[in-house]
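To keep things clear, I will list the structure first and then write my remarks on it.
Throughout, read-outs are computed from the coordinates displayed, never taken from laboratory work. Predicted model, so just to flag it, every value in this text is computed and none were measured. Virtual Cβ from ideal backbone geometry, glycine too; neighbours counted across all protein chains shown.
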Amino acid sequence: MQNQVEGIVIRTMPYGETNKIVTLFTKEAGKITCMARGAKKPASRLAAITQVFTHGSFSIYKGKGMGTIQAGDPLESLRHIREDIMSTAYASYVTELIDRLTEQDEPQPAIFDMLYQALHAIDEGYDPEAITLFVEWKMLQPAGLTPTLHQCANCGSTEGEFAFSFQELGFLCHRCFHIDRYIIRLSPALVKLIRTFYFVPIERVGSLTLKKESKSLLKQIVRTIYEEKAGIRLKSRKFLEQLERTPEFLPKKEELPKDE
């Protein structure tokens, strides 16, 4: 049976001397894994279409077992991502996170749309660190993690000063700070940012600018949630963190925009 699907290449693996195993996140079928025969040959018609981050239309033959990519037409190559080392690192983290937290052959159009929007935003030059934070907070729910962010996780209050509690997996108001001695206190602006990342559609990321300190704290919180509550630490994170510590790849201090 032959199917035509729209998808984004999120992972590839060499198979033998000339073939690739390609993981696509598709609009119609969710995550699927296919064989691309001969795709490692430079002259192969599948060489370009099976590069990571490529958004394309794929013709897939599905018999027993793994499907086979028979042909493909690129819709967008997202070349800027592959030409810029920081963009590549953040996009790799995004695709690995989505790959890790999704099952095969489960249609998830909302996650496809988020992946599409995130990669396009990175390709178009938006802050890749902020885009990645959006994806990290949005993927908590598919990971089975649902932090309480609309109210205090203990008393239900929606007013007052708030802090983040890993113990309670959510916000605690100032009346309940005593419950967890390891809370991370948050300014009202950071509370608003966390709620934006978790609840607001990613299309609005273009209008959001963040201080380096804000991104650092929000990243620390969400990655600690993944590690402590789900045992997830991604391979691409180590490379990303090495780049983030390398001064020549970081934006200059005077260029950093202020929080909204």
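In whole Å, how far is the Cα centre of the stretch 1-60 from that of the stretch 144-204? The two parts, judged by their Cα centres, are 41 Å apart. The value of relative contact order for the chain, using C-alpha pairs under 8 Å at least six residues apart, is 14 percent. Close amide-amide hydrogen proximity is noted between residue 148 and 170, 171, each under 5 Å apart and 5 or more residues distant or on a separate chain (H modeled in the peptide plane; Pro and chain starts excluded).
Applying the criteria of a DSSP loop state and at most 14 other Cβ atoms within 10 Å to the GluC sites (Glu not before Pro) of the stretch 1-42 yields 17, 28.
For a quick check: with amide H placed at 1.01 Å from N, whose amide H comes under 5 Å from residue 157's, ignoring anything fewer than 5 positions away on the same chain? Amide H neighbours of residue 157: 152. Within straight-line reach of residue 20, meaning a Cα separation under 16 Å, there are no aspartates and glutamates at least 8 residues removed in sequence or on another chain. With a cut-off of 19 Å, note down the residues of the stretch 52-69 whose backbone N falls inside the zone around a label point 7 Å from the Cα of residue 43 toward its beta carbon. Label zone hits: none. Relative to the longest principal axis of the Cα atoms of the chain, helix 128-138 runs at roughly 80 degrees. How many percent of DSSP beta bridges within the stretch 2-77 run antiparallel, rounded to 5? That works out to approximately 95 percent antiparallel. Computed 3J(HN,Hα) for the stretch 180-190, one whole-Hz value per residue from the Karplus formula 6.51 cos²θ - 1.76 cosθ + 1.60 where θ = phi - 60°, is 9, 6, 10, 4, 10, 5, 10, 6, x, 5, 6, glycine and proline marked x.
Note that the chain, at 20 °C in a medium of 1.002 mPa s, gets a Stokes-Einstein diffusion coefficient of 109 µm²/s from its Kirkwood radius over C-alpha pairs.
Is the stretch 117-164 best put as rounded, prolate or oblate by its Cα gyration tensor, with a ≥ b ≥ c the root eigenvalues, rounded for a/c under 1.5, and otherwise prolate when a/b is larger than b/c, oblate when not? Prolate, because a/c is 1.5 or more and a/b exceeds b/c. Sorting 155, 176 by the number of Cβ atoms found within 10 Å of their own Cβ, with the fewest placed first, yields 155, 176. A Förster distance of 45 Å, applied to the separation of the beta-carbon atoms of residue 62 and residue 178, puts the FRET efficiency at 0.20. Rounded if a/c is under 1.5, else prolate if a/b is larger than b/c, else oblate: which is the stretch 1-124, with a ≥ b ≥ c the root eigenvalues of its Cα gyration tensor? Cα axes put the stretch 1-124 in the oblate bin.
Placing a label point 7 Å from the Cα of residue 145 along the Cα-to-Cβ direction, the residues of the stretch 164-180 whose backbone N falls under 11 Å from that point are 166, 169-170. Restricting attention to the chain, close to 90% of DSSP beta bridges with both partner residues there are antiparallel. Taking the Cα centre of the chain as origin and assigning +1 to Lys and Arg Cβ atoms and -1 to Asp and Glu Cβ atoms, the resulting dipole is close to 640 debye.
Near residue 71, the amide H atoms lying under 5 Å from its own belong to 59; only residues 5 or more places off or on other chains count, and H is placed 1.01 Å from N.
FRET efficiency for the residue 70 to residue 239 pair, using the beta carbon distance and R₀ = 30 Å, is estimated at 0.35.
Compute the helix-to-body angle for 235-244: its Cα long axis versus the longest principal axis of the chain, expressed 0 to 90° and rounded to tens. Helix 235-244 and the main axis of the chain meet at about 60 degrees. Against the main long axis of the alpha-carbon atoms of the chain, helix 109-123 sits at an angle near 90°.
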